[in-house]
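Report on the following structure.
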Amino acid sequence: MNRIAVRMTIGDVPGPVTDVRAGVVRRRYHERFGGAPLPVPVEAIAEDLCGLIVEEVAELDVSGMLLPAERRVLVNLAEPPRRRRFTLAHELGHWVCQAQNGLGSARYCRAEEIGLDGRAKALEREANVFAAELLMPEPEVRAVWAGDPDACAERFGVSGEAMRWRLYSFGLGERPA
């Protein structure tokens, strides 16, 4: 359960990078609680399935923060709702991928705190991959995809930027600027 699956899809462009744990979490939630599959109910997954407390905080210097010892996630209320969904999924990725494996310190995702630390960058990348896979699973994206990244982003409740990167990873769009 501690691995990330990587497939090659188009020429030498790597992708999509997936994390099977995100699919497991999504399936467990729907088996237990039901509901519409899209947009993925990330807040309900965090609270109802994982037992985390999610708080939107008006004055937060980062997009989000996981406080594992308190089982709490803080999300920056000043950011747009779709960005907050991705941030919450990212922090949930830290919970599932790292806190559950004994890496239980608070997670601050500031570039200046990560710096050149390769391990910290890898943990951030892992959380981003988890978030993308949780919110934008490949089969559902391919089923919904009709050529309009913004419409697809709206259906999944994510930012246009996040969807463009996801589409690119599937070979369905150009590399975002």
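Results, tabulated for the structure shown:
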| quantity | calculated |
| --- | --- |
| Of residues in the stretch 23-41 being of a type outside the set (Phe, Trp, Tyr), free of Cβ contacts under 8 Å to residues at least 24 places away in the same chain and in a helix (DSSP H, G or I), the one surrounded by the most Cβ atoms within 10 Å (Cβ to Cβ) | His30 |
| Unmet criterion (only one of (1) touching a Gly at 6+ places or on another chain (Cβ under 8 Å); (2) surrounded by 21 or more Cβ atoms within 10 Å (Cβ to Cβ); (3) of a type in the set (Gly, Ala, Ser)) for Ala44 | (2) |
| Residue in the stretch 62-85 that is outside any helix (DSSP H, G or I) and among the acidic types (Asp, Glu) present | yes |
| Answer residue from the stretch 143-177, given it is farther than 18 Å from Pro41 by Cα and among the aromatic types (Phe, Trp, Tyr) and is modelled with the highest pLDDT among those | Trp145 |
| Criterion (within 17 Å of Gly157 (Cα to Cα) and hydrophobic (A, V, I, L, M, F, W, C)) met by exactly one of Ala46, Ala69 | Ala46 |
| Candidates Arg142, Arg166 - the one that is among the basic types (Lys, Arg) and loosely packed, with under 14 Cβ neighbours inside 10 Å | Arg142 |
| Condition met for Leu88 (farther than 22 Å from Leu60 by Cα, modelled with pLDDT of 95 or more and surrounded by 22 or more Cβ atoms within 10 Å (Cβ to Cβ)) | no |
| Given (1) out of contact with any Gly (no Cβ under 8 Å at 6 or more places or on another chain); (2) touching a residue at least 12 places away in the same chain (Cβ under 8 Å), index of the condition Glu91 fails | (1) |
| Residue satisfying all of: in the stretch 52-81; small (Gly, Ala, Ser) and buried (at least 17 other Cβ atoms within 10 Å of the Cβ); farthest from Leu92 (Cα to Cα) among these | Ser63 |
| Check on Glu140, touching an Asp or Glu at 6+ places or on another chain (Cβ under 6 Å), assigned to a helix (DSSP H, G or I) and at pLDDT 90 or above | no |
| Single condition Val6 does not satisfy, out of (1) under 24 Å from Arg125 (Cβ atoms); (2) at pLDDT 95 or above; (3) not in a loop (DSSP other than H, G, I, E, B) | (2) |
| Selection from the stretch 142-177 of residues that are under 21 Å from Thr87 (Cα atoms) and touching a residue at least 40 places away in the same chain (Cβ under 8 Å) | Ala153, Arg155, Phe156, Gly157, Val158, Ser159, Ala162, Arg166, Tyr168, Ser169 |
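Condition check ((1) surrounded by fewer than 17 Cβ atoms within 10 Å (Cβ to Cβ); (2) at negative phi) across all residues:
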position: Lys121; (1), (2): yes, yes
position: Val129; (1), (2): no, yes
position: Cys152; (1), (2): no, yes
position: Gly157; (1), (2): no, no
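The values are calculated or read from the model by the stated rules, or taken from the named source; none is laboratory data. Predicted, not measured: the structure shown is a model, and the values here were computed from it. Every residue, glycine among them, receives a Cβ derived from its backbone with ideal geometry; neighbour counts consider all protein chains shown.
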